[in-house]
1. Any idea how many residues of the range 199-221 are in contact (Cβ under 8 Å) with a residue 24 or more places away in the chain and among the small types (G, A, S)?
2. Check whether at least one residue in the range 22-38 is within 12 Å of the ligand (Cβ to nearest atom) and surrounded by fewer than 22 Cβ atoms within 10 Å (Cβ to Cβ), and report yes or no.
3. Tell me whether the range 34-53 contains one or more residues that are within 24 Å of L219 (Cβ to Cβ) and in a helix (DSSP H, G or I).
4. Which pairs turn up if I take residues in the range 24-46 that are of a type in the set (D, E) and look for partners that are in a loop (DSSP other than H, G, I, E, B) with beta carbon separation below 9 Å, at least 6 apart in sequence or on another chain?
5. Within the range 84-98, which residues are closer than 20 Å to I6 by Cβ, more than 16 Å from the ligand (Cβ to nearest atom) and not hydrophobic (A, V, I, L, M, F, W, C)?
6. Which members of the range 122-141 meet the condition of being among the basic types (K, R) and more than 14 Å from the ligand (Cβ to nearest atom)?
7. Taking helices (runs of 4 or more DSSP H) that fall entirely within the range 171-257, which contain at least 1 residues that are surrounded by fewer than 22 Cβ atoms within 10 Å (Cβ to Cβ) and at pLDDT 95 or above?
8. Considering only residues of the range 99-121 that are within 14 Å of the chain's Cα centre (by Cα) and more than 9 Å from the ligand (Cβ to nearest atom), which is surrounded by the fewest Cβ atoms within 10 Å (Cβ to Cβ)?
Amino acid sequence: MLNNKIGVFDSGVGGLTVWQQIVKLLPNQPILYFADSKNCPYGSKSKQQVKDLSERIVRFFVQQGCGLITIACNTITAAAVDYFRKKYPQILFVGMEPATKPAASQTKTGRIGILATQNTFQGEKFVSTRNKYAKDIQVEIQIGYGLVEIVEEGKADSEEAYNLLKKYIDPMLAHQVDQIVLGCTHYPFLLKNLKRIIGSQATIIEPSLAVAKRVKILLEENSLVQFLSNQEPYVFYTSGSVSTLRTFLKSYSALDFQTQYYPN
Ligand code: DGL
């Protein structure tokens, strides 16, 4: 019998973009969030390191009784979701990958841009989706060096972020891309600066709502949706700074932060 508690995690605060959508769709569901901000970024670590770090969090969620775990991180999904599904068959896993398919189907210019981490681009999932759905499309890929760090430092709206994004996005726009995919859950925090740069030249695609919908469907299929109002506060764990996490969640009130926690 599966438990209806959900675990959501990321290498840091990025997965909160997914967490927010899950909370909106499933307002009564008990949800734990884990940000491994101490070890962030994962994007350039070896696949084995990403697996080892993220498995500690998965084990922790399993101990806490989570029946469904959302990997709110493209990088971790690319490195480990297949491994987790095999190793923990009793748990439902939802992962994510850059939204190449919708971007390819919506483009009018036949050109799309994707911003993601190095590990996501090197993952088998990205390569196979691209070959399957974007074979005849020109795909401009760009590794977002430094962006995750800027978001973690709470500087998403800074001029520093603007300048870095401009360096990555301008060449895409020069190639007439009309769809820009945010292939890392940290990047929606950069939306203000992204909109300043992109304006109406391209549509920005980010998949957090689609991931939340997938979570809801899986819970429904397994009769795990909690309908009665849940009085428990949302719980957050971080291996890094609790004040950083708080800053990202200012607008939510019923929250419970566990400081400097790290699972064994
Ligand atoms: N938020 C993660 C993702 O979606 C990546 C961040 C990192 O590099 O650690 O890919």
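The values are calculated or read from the model by the stated rules, or taken from the named source; none is laboratory data. Predicted, not measured: the structure shown is a model, and the values here were computed from it. Ideal geometry is used to build each Cβ from the backbone, glycine not excepted, and the neighbour counts take in all protein chains shown.
1. Looking only at that region, the number is 4.
2. Within the range 22-38, one or more residues are within 12 Å of the ligand (Cβ to nearest atom) and surrounded by fewer than 22 Cβ atoms within 10 Å (Cβ to Cβ).
3. no
4. Close Cβ pairs satisfying both conditions: D36/S11; D36/G12; D36/Y42; D36/S239; D36/G240; D36/Y262.
5. R85, K87, Y88, P89, Q90
6. R130, K132, K135
7. Correct list: 191-198, 208-221.
8. Across the range 99-121, the extreme among qualifying residues is A99.
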